[in-house]
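Peer 1: For reference, the structure I am asking about is given below.
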Amino acid sequence: MNGCESVKERDTELVLRVARLYYEGGFSQDEVAVQVGTSRSNVSRMLTVAKAMGFVEIRVIAPLSRQEGISNELQKSLKIREVHVMTSEPNESTLNTVGRAAARILVKALRPNQTIAISWGRGLEATIHEIQSDLISGLKITQLMGSLSSIPTAISAEEVGRVLARNLNAQFIPFLAPIFVSTPEVRQNIYQERAVSETLKLARKADIALVGIGSKGAASSELVITDFNLSASEEKNVRQKYAGDVAARFFDVNGNPVSAELDSRLIGLTLDEIRNIPKVIGVASGADKALGVIGAARTGLIDVLVIDNACATAILKVLAPAAVKSA
């Protein structure tokens, strides 16, 4: 009789008790057998059942490697409180490595009754799936901006927020509005809606923001610009000037907003409002994110930056090309 069949003959509570004693209590199988009044072989079979039924998950987690030298150099160059440049293990993607590092930083910062406001993107996707935390009471998750429309839902702020809330056993308060509207007047009318105004108020008072950093030419940033349906001249202006974006707020390489028209139609926190959140964690991966990270750093809103080595090297090439070339 195999383990999955034997679960029909075993009490679920006993299986769970055995699993907790062994995996959480640190008791040996012989010690567990004595405590529950059975044989060691039965304990072994119950542990197999526990894994087969999904009561126990075992993960192999490689150690994280932070590049101290380049992290410290970028911390000074970008004037950011903390910079974490991560190196991947041979069998792990850089995006997952950056996500794991950002997840640990976020979890370490969490306290009861805090509110976390999030944006969207591949970096945040990788981060939220790595979140593992003991129950922290009173946590709330919300969005920094409305929900994206035609952008793939897998990277929308709402989808990211729901998964993060589930992984943290937190309450999720979605931003029940589109990310952009046709005119500033429509935006102002939507801001009068109670659900929207209450979510904005909650996001503005967030304790932590977790944001992805978009960059010039990145597919997600380009899609957002297209979706705004700007005038031809304004769209050309934005595409020429922008270096990156955070929560669909676009800025140039010096951190300055690039389009008053775009900003006037966006539903969500402004760069100034995001900057006022006590701890903003920015996540990016890849050399193509260099300009966006530099611009985001110069907006002054990023407190903790988590990137990979490729992104860090590309940033240094932009900031000091001669020094890198001669190194």
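Peer 1: Among the numbered criteria (1) in a strand (DSSP E or B); (2) at pLDDT below 95, which single criterion is violated by Phe250?
Peer 2: Every condition holds for Phe250 apart from (2).
Peer 1: May I pose another question? Under the condition of being of a type outside the set (Gly, Ala, Ser) and assigned to a loop (DSSP other than H, G, I, E, B), which residue from the stretch 216-233 is surrounded by the fewest Cβ atoms within 10 Å (Cβ to Cβ)?
Peer 2: Asn229
Peer 1: Moving on to the next point. Could you give me the residue pairs with C-beta distances under 8 Å whose first residue belongs to the stretch 304-317 and is of a type in the set (Asp, Glu), whose second residue is assigned to a helix (DSSP H, G or I) wherever it lies, and which are 6+ apart or on separate chains?
Peer 2: Asp308/Thr94; Asp308/Leu95; Asp308/Thr97; Asp308/Val98
The values are calculated or read from the model by the stated rules, or taken from the named source; none is laboratory data. Predicted model only: the values in this text are computed from it and were never measured. For neighbour counting, all protein chains shown are included, and Cβ atoms are generated from backbone atoms with ideal geometry for every residue, glycine included.
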